[in-house]
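Participant: Can you keep this structure in mind? I'll have questions shortly.
The values are calculated or read from the model by the stated rules, or taken from the named source; none is laboratory data. None of the values given here were measured: they were computed from a predicted structure. Every residue, glycine as well, gets a Cβ built from its backbone with ideal geometry; the counts of neighbours run over all protein chains shown.
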Amino acid sequence: MYRDKRYMALSILAAVLFSIFFLNRHPFSNQSYQEHHKKTEEGNSPTARTATAFPGFPVDVNSAAMEDLTLLPGIGVKTAQRIIAKRIEAGGFSSIEEFAAAAHLGKNRIEKIRPLISLDGGRG
């Protein structure tokens, strides 16, 4: 009996792997991986869901307190302090690029948080 269960489990695993690698299909549906990932990428990214799912987002970087800035992914206390200092010095941020330069954020990190921030209270 033990061998029968093990054989059944291995058979199912082999069928799933076959469908993934040789048929290029999602194992439990009739759509291909490309179709599946295309549907998930269209407006359904984790950061896009975060921006609309939680109150308080997007964060206005021109008026946000340090606690609000630290809610953003990849922004810690020291970075939040640097953002606030540069914001006071410059009188506010007029663009996302200016904010990214002041916070020393790289291209990848700024793209992750772009849907979560706004510049409503900026100069200009």
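Participant: Hey, among Gly92, Gly74, Gly56, which residue is over 16 Å from Glu111 (Cα atoms), of a type outside the set (A, V, I, L, M, F, W, C), within 17 Å of the chain's Cα centre (by Cα) and at pLDDT 60 or above?
Facilitator: Checking each option against the conditions leaves just Gly56.
Participant: Considering only residues that are among the basic types (Lys, Arg), in contact with a Ser or Thr (Cβ under 7 Å, 6 or more places away or on another chain) and assigned by TED's automatic domain parsing to the domain that holds Asp60, which ones fall in region 80-123? Break it down into steps so the answer makes sense when it comes.
Facilitator: Restricting attention to region 80-123, the residues satisfying the condition of being among the basic types (Lys, Arg) are 82, 86-87, 107, 109, 112, 114, 123.
Subsequent filtering for residues that are in contact with a Ser or Thr (Cβ under 7 Å, 6 or more places away or on another chain) retains 112, 123.
Matches in region 80-123: Lys112 only.
Participant: Additional query: Answer yes or no: is there a residue in region 37-49 that is modelled with pLDDT under 90, part of a helix (DSSP H, G or I) and among the β-branched types (Val, Ile, Thr).
Facilitator: Of the residues in region 37-49, the ones modelled with pLDDT under 90 are 37-49.
Subsequent filtering for residues that are part of a helix (DSSP H, G or I) retains 37-41, 46-49.
In the following step, the residues that additionally are among the β-branched types (Val, Ile, Thr) were identified as 40, 47.
Yes - at least one qualifying residue is present in region 37-49.
Participant: Okay, next question. State all residues of region 98-111 that are in contact (Cβ under 8 Å) with a residue 12 or more places away in the chain and surrounded by fewer than 17 Cβ atoms within 10 Å (Cβ to Cβ); if no residue qualifies, say none.
Facilitator: Residues of region 98-111 that are in contact (Cβ under 8 Å) with a residue 12 or more places away in the chain, as a first pass: 99, 102-105, 109-110.
His104 - this is the single residue of region 98-111 that is in contact (Cβ under 8 Å) with a residue 12 or more places away in the chain and surrounded by fewer than 17 Cβ atoms within 10 Å (Cβ to Cβ).
Participant: Considering only region 83-97, how many residues are crowded, with 16+ Cβ neighbours inside 10 Å and of a type outside the set (A, V, I, L, M)?
Facilitator: Summing the residues that are crowded, with 16+ Cβ neighbours inside 10 Å and of a type outside the set (A, V, I, L, M) in region 83-97 gives 4.
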